[in-house]
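The values are calculated or read from the model by the stated rules, or taken from the named source; none is laboratory data. Just so it is clear, the model here is predicted, and its values are computed rather than measured. Neighbour counts run over all protein chains shown; Cβ positions are idealised from the backbone, glycine included. What goes into the accessible areas is simple: the full protein's heavy atoms, side chains included, and nothing from ligands, DNA or RNA. Shrake-Rupley method; radii C 1.70, N 1.55, O 1.52, S 1.80 Å.
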Amino acid sequence: NPATSNTLTMTVNPQLIVGSISANQTLCGNAIPAQLSGVAPLNGTDPVYQWQSSLNNNTFDNIAGATGLNYQPGMLTATTNFRQMQNASLACGGPLPTNTITVTVNPLLPVNVSIVPTATNVCAGTLVTYTATPVNGGTTPAYQWKVNSTIITGATNSTYTFAPASGNAVSCVLTSNATCTTGNPATSNGLTITVNPLLPVNVSIVPTATNVCAGTLVTYTATPVNGGTTPAYQWKVNGVNVTGATNSAYTFAPASGNAVSCVLTSSETCTTGNPATSNALTIMVNPLLPVSVIITASANPVYAGTPVTFTASPLNEGTTPAYQWMVNGKNVQGATNVIYTYIPGNGDEVSCILYSNAVCTQNNPAISNSVIMSVTTVQAVVSLQNLNITSIQCFNATQTITVAGSGTTFTVQNGGSATMIAGQKISYLPGTLVKPGGYLHGYITTSGQYCGIQAPSIPVIAEVEWTDETGLDQTLFKVYPNPTYGNIVLDMHGFAKDEKIRVEIFNMTGKKIVSTYFAGEIKHDFSLSGKPAGIYFIQVVSEKFSGTAKIIKR
């Protein structure tokens, strides 16, 4: 005593020191995690392993069969926490958990993109902006626009502006920078919008007539091109709007030079040249021509049985006028020419109607003035006895004129002129006397022209001799050659050089065919060319002298 026990040797095992497992992982829902690697315990022998998992990092469950140092999980659908339970022989305290790692499983993000235009129905040439709306595009999505599947260089923004043509299909490719995406890059649908062609607007106008008379109503009609369903019109005259003239037709009476045009405003959606103005149309406006006609008679008054010719003088008669002569208000059948000849009765009222074929006329047909005929009856037989003629007188009979005879006289004094016109015979009997300076003329009419119709014979103031060109010593004046075939010379050697001379030539009926004045000439040439053969009388009158000579034209 003291007694000593046996010696007990204690085996003291160390506290278990566990190893570790590999780091956290992040993966997408359609991926398999990388193998989880473990580190064995730092002491002990014959280590034992058990992998555990937890969805909430609170409660871990053993993973069946996962008893190796390393573990390969299958495809995960949610974020999962992993650890490893370790134990070893000759170590105390086991089993102990290792560190916990998290395998983060991100959901799969379907990438998509849709595009919308600023308009779905546009006119050709209109700029349209297309806007892309991404789905799961990430923080910095990338865009690529295409037209008809062709990449547009530089079109890499979320919007794209251009002027589409008809049939253009616009699309956009979205490349997302988000993680865990599907359908990336995504292509939008090809968007085709309605592109309406540009319709050129035009308008033309036509009148109902291009050549009218002043005051005539003309209708102008507008024919639109691409005017739409409700076109609007505005008519103009000489460039000035006509109030209320807003229909497709416009009626008015144009004046000469008026230029009519029309402005068309189309109701079509897509147009060019809208509003459009027609050409300015000027038509021919002819002035109104007043039609009139004046008639004259070849003689009035006349003797009974004398034909009288009436002549119409028209105004604005056209190219082929028509006439209708009337006597006493009644149409004369067949009298439709510009002249009308008949034998009038006393008091007959003659007029004419003119029908003009001119384009634009007023007062058509026109009625002429009226000519009231004065017809004097000519005696059949006239006897001229014991008459003393000192002036110009004319006597006529339809059959016979008897002058003097039976002891009577008929004297034409100096300065007197007596003309006898008979239809059959004139008898100059003893007692007929023409004194120097007097003139007596008688002839038979074949046309019924008696006194008042036929010009009376010329008066003779003083008697001079007539001569041929050999008789140059006669006084006052000479006419040669006489007889002549046309040209004659008047030699006025008997007149002073400064005297003013009047010369007149008459034919046998007393009609004046030449009348002229001159001064300062000694000789003067005349021509009877073109005049009928016969007897003519030349009368020469100066300030102091006068004379008459007979000329014979062969």
- Task: Using amide H atoms built 1.01 Å from N in the peptide plane, name the residues 5+ places from L289, or on other chains, whose amide H lies under 5 Å from its own.
- Result: C360, T361, Q362
- In the chain, what % of DSSP beta bridges are antiparallel (nearest 5)? 70 percent
- Query: Given the pairs K478/K523; K435/K500; K478/K512; K511/K553; K478/K531; K478/K553, which span a C-alpha to C-alpha distance of over 18 angstrom in this model?
  - Reply: K435/K500; K478/K512; K478/K531
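Working out 0.36 nm times the residue gap between T11 and L96, then minus their Cα-Cα distance, what length gain in nm do you get to one decimal? Present the calculation step by step, with values, prior to reporting the outcome.
Working: separation 85, 0.36 × 85 = 30.60 nm, distance 2.16 nm.
In short, 28.4 nm is gained.
If the convex hull of the alpha-carbon atoms of the range 231-353 is projected onto planes in all directions, what is the mean projected area in square nanometres? Working shown, then result.
Numbers: hull surface 49.7 nm².
Value for the range 231-353: 12.4 nm².
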- What list of ³J(HN,Hα) values in whole Hz, one per residue of the range 79-92 in order, does the Karplus curve 6.51 cos²θ - 1.76 cosθ + 1.60 (θ = phi - 60°) give from phi, with Gly and Pro shown as x? 5, 10, 9, 10, 8, 10, 8, 10, 8, 8, 6, 6, 9, 9
- Query: How big is the range 1-155 on each of its three principal axes, counting only the C-alpha atoms and giving the largest first in Å?
  - Reply: 125, 27, 27
- Task: Starting from the amide H of C213, placed 1.01 Å from N in the peptide plane, find each other amide H under 5 Å away whose residue is 5 or more places distant or on another chain.
- Result: N286
- Message: From the protein chains alone at 1.4 Å, what is the descending order of accessible area for V263, V291, largest first?
- Response: V263, V291
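Averaged per residue, what accessible area in Å² does the chain show with a 1.4 Å probe, protein chains only? Let's see the in-between values first.
Details: 28550 Å² over 554 residues.
Result: 52 Å² per residue.
Heavy atoms only, 1.4 Å probe, whole protein assembly: order M508, M284, M492 by accessible area, highest first.
Working: M508 70, M284 105, M492 0 Å².
Putting M508, M284, M492 in descending order of accessible area: M284, M508, M492.
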- Message: Quick check on packing: order 160-172, 514-526 by the mean number of other C-beta atoms within 10 Å, highest mean leading.
- Response: 160-172, 514-526
- Computed ³J(HN,Hα) along the range 338-352: with the Karplus parameters 6.51/-1.76/1.60, θ = phi - 60°, integer Hz and x for glycine or proline, the list is 5, 10, 9, 10, 7, 9, x, x, 5, x, 4, 9, 10, 8, 9
- In Å², nearest 10: area of T4 left accessible to a 1.4 Å probe: 130 Å²
- Message: From the phi angles alone, apply the Karplus equation (6.51, -1.76, 1.60; θ = phi - 60°) to the range 522-528 and give each ³J(HN,Hα) in whole Hz, x where the residue is Gly or Pro.
- Response: 9, 10, 9, 8, 10, 10, 10
- Task: Sort by residue number and report every cysteine in the chain with no other cysteine beta carbon within a distance under 4.7 Å.
- Result: C92, C172, C262, C352
- Task: Starting from the coordinates of the alpha-carbon atoms of the chain, obtain the Kirkwood hydrodynamic radius over all distinct pairs and give the value in Å to one decimal.
- Result: 39.3 Å
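Which order do you get for K146, K435 if you rank them by accessible area with a 1.4 Å probe, largest at the top? Mind showing how you got there, number by number?
Working: K146 55, K435 80 Å².
Solvent-accessible surface, decreasing: K435, K146.
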- To the nearest 10 square angstrom, how much accessible area does W235 have with a 1.4 angstrom probe? 0 Å²
- Report, by chain and number, residues whose modeled amide H sits under 5 Å from the one on G415, excluding near sequence neighbours (fewer than 5 apart, same chain). G438, V460
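How long is the gain from A165 to I367 if the chain were fully straight, where each residue apart is worth 0.36 nm and the alpha carbon distance is subtracted? Mind dumping the intermediate values first?
Values: separation 202, 0.36 × 202 = 72.72 nm, distance 7.54 nm.
Length gained, A165 through I367: 65.2 nm.
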